[in-house]
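Report on the structure given below.
The values are calculated or read from the model by the stated rules, or taken from the named source; none is laboratory data. Since the model is a prediction, treat every value here as computed from it, not as a measurement. Virtual Cβ from ideal backbone geometry, glycine too; neighbours counted across all protein chains shown. In case anyone asks, the SASA skips ligands and DNA or RNA and just uses the protein heavy atoms, side chains included. Shrake-Rupley method; radii C 1.70, N 1.55, O 1.52, S 1.80 Å.
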Amino acid sequence: MAEALRVGIAGLGTVGASVARVLRDKAAELTRQCGRDIVVTAVSARDAKRDRGIDLSAAKWFDDPVKLAEKADIDVFVELIGGDEGPARQSVKAALEAGRHVVTANKALLAKHGVALAEIAEKKGVLLNYEAAVAGGIPVIKTMREAMAGNAVTRVFGILNGTCNYILTRMEAEGISFDACLKDAQRLGYAEADPTFDIEGHDTAHKLSILTSLAFGTRIAANDIYMEGISNITQADIRAAGDLGYRIKLLGVAQRTDSGIEQRVHPTMVPTASVIAQVHGVINAVAIETDILGELLLSGPGAGGNATASAVIGDIADIAKSRPGFQHAPVFGWPAKELKPYKKARMRSHAGGYFIRLTVHDRTGVFAAIAKRMADNDISLESIVQQAAGPETQAQKTVILVTHETTEAAVRKAVEGITKDGHLTDKPQVIRIERAE
Ligand SMILES: NC(=O)c1ccc[n+]([C@@H]2O[C@H](COP(=O)([O-])OP(=O)(O)OC[C@H]3O[C@@H](n4cnc5c(N)ncnc54)[C@H](OP(=O)(O)O)[C@@H]3O)[C@@H](O)[C@H]2O)c1
């Protein structure tokens with residue numbers, strides 16, 4: 001049998017401790033599948049004394065993950081610390097430069113430095129595997145990088161943040177407010193004490209930026225993503241969406257258009273009958289649309305110790321099975337040096353259907369004025385509905401418009417005009433409608 005694969009794990013928190021535990025519990029199966037043992041020979045975390053529920057005394061302890069990456073007797077460096085700079089970045093870079101394979105679950109690091117790290121990995125002829133960085137346990141990286149050769153991706157979109165999907169699912173199912181849902185999610189451990197990163201879309205954007213690069217062969221451009229979070233979604237939106245045959249999801253969408261590539265993260269209305277609309281709670285899903293395959297949807301657990309560990313261990317097993325001298329698949333599907341600059345499509349050119357909810361003064365002429373602003377901007381309406389805004393607001397009415405395909409620029413101009421006309425009593429709500437099978 002080949003020599004054992006020696007693994008060093010830096011970061012022994014939720015994911016790191018699960019990886020160590022599964023490697024121990026599944027040692028016999030992994031050896032059979034990989035043709036060699038996989039042994040944890042070195043570990044690092046901040047606190048050497050903390051009980052992590054697993055005996056790691058056989059592995060050498062390093063206070064400094066960079067030292068582990070450079071000096072330990074390892075073949076693979078597994079980075080599970082987190083963060084886009086500091087010890088995570090330094091240790092991954094050090095491991096690659098020392099000619100060690102790297103496995104990481106760190107989307108923030110890849111979103112910011114992925115291309116530079118990929119260049120080092122490819123120069124050194126080692127693997128940089130990161131399946132767990134996007135949608136946790138769902139094998140989307142391998143699917144896009146290896147299983148879809150020859151396919152030209154036209155659009156990739158997904159529910160990439162479990163916290164947001166959990167909140168939106170409960171808001172719809174129980175009729176409770178965003179704030180109440182968020183508090184509950186925090187109490188149950190589904191949302192961080194500071195939830196901004198999740199609910200304002202940053203986490204989704206990091207993951208999307210990696211998918212965009214894989215889909216279109218472009219350099220990662222995480223700072224060029226249009227982003228709106230879910231904190232302004234109300235019960236009125238969720239109810240109106242339901243009445244119209246839609247469900248609201250926070251989607252990350254990357255799409256090739258005539259003017260460039262759209263990368264956008266925002267609350268989205270998807271048809272209630274579509275497959276992605278059936279993805280509830282903390283579950284994630286990624287839809288990939290290609291010229292040959294059509295639409296493929298992968299769904300499953302996007303976070304959590306074991307689910308994430310499953311992806312990390314798949315990456316480690318791939319390294320255990322690889323043989324010296326064998327040409328590895330490029331990190332982002334194309335050689336890092338050949339990744340094309342990202343050509344951004346302007347958000348104003350985005351074309352699609354729109355849901356617009358307006359709260360207006362209940363007086364004559366308002367309805368006609370709204371319809372005129374729409375017509376002036378060449379927006380054709382699929383429906384326009386006027387409702388009472390509620391018993392406590394008798395002087396107001398709600399107007400809900402659904403447009404046929406139009407542009408973001410036209411919708412913004414029309415809504416600006418309506419606002420200027422002085423008919424609104426509250427901020428207008430605009431939610432994009434996404435086509436989904
Ligand atoms: N949790 C998930 O469900 C999930 C899902 C997908 C991807 N990820 C990614 O996986 C990575 C790890 O996440 P996690 O949830 O496992 O984080 P975590 O529970 O906070 O664990 C982080 C670990 O890193 C260690 N650490 C921090 N600074 C260090 C330093 N300077 N030197 C050495 N060790 C250091 C910590 O040590 P101590 O334990 O001693 O404090 C801890 O063991 C992140 O990149 C995250 O984005 C997580």
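The figures follow:
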| read-out | value |
| --- | --- |
| Unique residue being open to solvent by less than 50 Å² (accessible area, probe 1.4 Å) and near the ligand (Cβ under 9 Å from one of its atoms) when the list is 125, 86, 99, 114 | 86 |
| All strands (runs of 3 or more DSSP E) inside the stretch 374-437 with 3 or more residues being in contact (Cβ under 8 Å) with a residue 24 or more places away in the chain | 396-403, 429-433 |
| Matching residues, the stretch 239-249, being over 22 Å from the mean Cα position of the chain (by Cα) and either hydrophobic (A, V, I, L, M, F, W, C) or on the phi < 0 side of the Ramachandran plot (or both) | 239, 240, 241, 242, 243, 244 |
| Condition check for residue 104: more than 14 Å from the ligand (Cβ to nearest atom), under 21 Å from residue 320 (Cα atoms), among the hydroxyl-bearing types (Ser, Thr, Tyr) and crowded, with 17+ Cβ neighbours inside 10 Å | no |
| Residue within the stretch 57-78 that is within 13 Å of the ligand (Cβ to nearest atom), within 21 Å of residue 137 (Cβ to Cβ) and surrounded by 18 or more Cβ atoms within 10 Å (Cβ to Cβ) present | yes |
| Residue 299 within 30 Å of residue 125 (Cα to Cα) and polar (S, T, N, Q) | no |
| Close pairs from the stretch 15-26: first of a type in the set (Gly, Ala, Ser), partner away from the ligand (no atom under 13 Å from the Cβ) and open to solvent by 10 Å² or more (accessible area, probe 1.4 Å), Cβ under 9 Å, at least 6 apart | 20/40; 20/59 |
| Selection within the stretch 26-54 - within 16 Å of the ligand (Cβ to nearest atom) and not in a strand (DSSP E or B) | 45, 46, 47, 48, 49, 50, 51, 52, 53, 54 |
| Output for the stretch 204-236, where each listed residue is within 19 Å of residue 434 (Cβ to Cβ) and surrounded by fewer than 21 Cβ atoms within 10 Å (Cβ to Cβ) | 226, 227, 228, 232 |
| Evaluation of residue 324 against (1) outside any helix (DSSP H, G or I); (2) within 31 Å of the chain's Cα centre (by Cα) (one fails), failing number | (2) |
| Residue 93 among the basic types (Lys, Arg) and within 18 Å of the chain's Cα centre (by Cα) | no |
| Residue among 183, 142 that is surrounded by fewer than 24 Cβ atoms within 10 Å (Cβ to Cβ), out of contact with any Gly (no Cβ under 8 Å at 6 or more places or on another chain) and in a helix (DSSP H, G or I) | 183 |
| Options 121, 108, 135: the member that is in contact with a strand residue (DSSP E or B) (Cβ under 8 Å, 6 or more places away or on another chain), assigned to a helix (DSSP H, G or I) and either under 23 Å from residue 260 (Cα atoms) or not aromatic (Phe, Trp, Tyr) (or both) | 121 |
| Breaking point among (1) open to solvent by 30 Å² or more (accessible area, probe 1.4 Å); (2) within 26 Å of residue 262 (Cβ to Cβ); (3) assigned to a loop (DSSP other than H, G, I, E, B), for residue 192 | (2) |
| Residue match in the stretch 358-371 (condition: under 32 Å from the mean Cα position of the chain (by Cα) and either in contact (Cβ under 8 Å) with a residue 40 or more places away in the chain or part of a loop (DSSP other than H, G, I, E, B) (or both)) | yes |
| Per-region count, the stretch 294-308, residues aliphatic (A, V, I, L, M) and more than 9 Å from the ligand (Cβ to nearest atom) | 3 |
| Residue in the stretch 241-261 that is acidic (Asp, Glu), open to solvent by less than 30 Å² (accessible area, probe 1.4 Å) and not in a helix (DSSP H, G or I) present | no |
| Members of the stretch 262-277 that are in a strand (DSSP E or B) and surrounded by 19 or more Cβ atoms within 10 Å (Cβ to Cβ) | 262, 263, 264, 265, 266, 267, 268, 269, 270 |
| Leading residue by the ranking (least open to solvent (accessible area, probe 1.4 Å)) among those in the stretch 5-46 that are within 25 Å of the chain's Cα centre (by Cα) and among the polar types (S, T, N, Q) | 18 |
| Breaking point among (1) away from the ligand (no atom under 16 Å from the Cβ); (2) buried (at least 19 other Cβ atoms within 10 Å of the Cβ); (3) under 28 Å from residue 257 (Cβ atoms), for residue 159 | (1) |
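Residue-by-condition table, conditions (1) open to solvent by less than 80 Å² (accessible area, probe 1.4 Å); (2) touching a Leu at 6+ places or on another chain (Cβ under 7 Å):
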| residue | (1), (2) |
| --- | --- |
| 361 | yes, no |
| 369 | yes, no |
| 374 | yes, yes |
| 399 | yes, yes |
| 402 | yes, yes |
| 409 | yes, no |
| 420 | no, no |
| 425 | yes, no |
| 429 | yes, no |
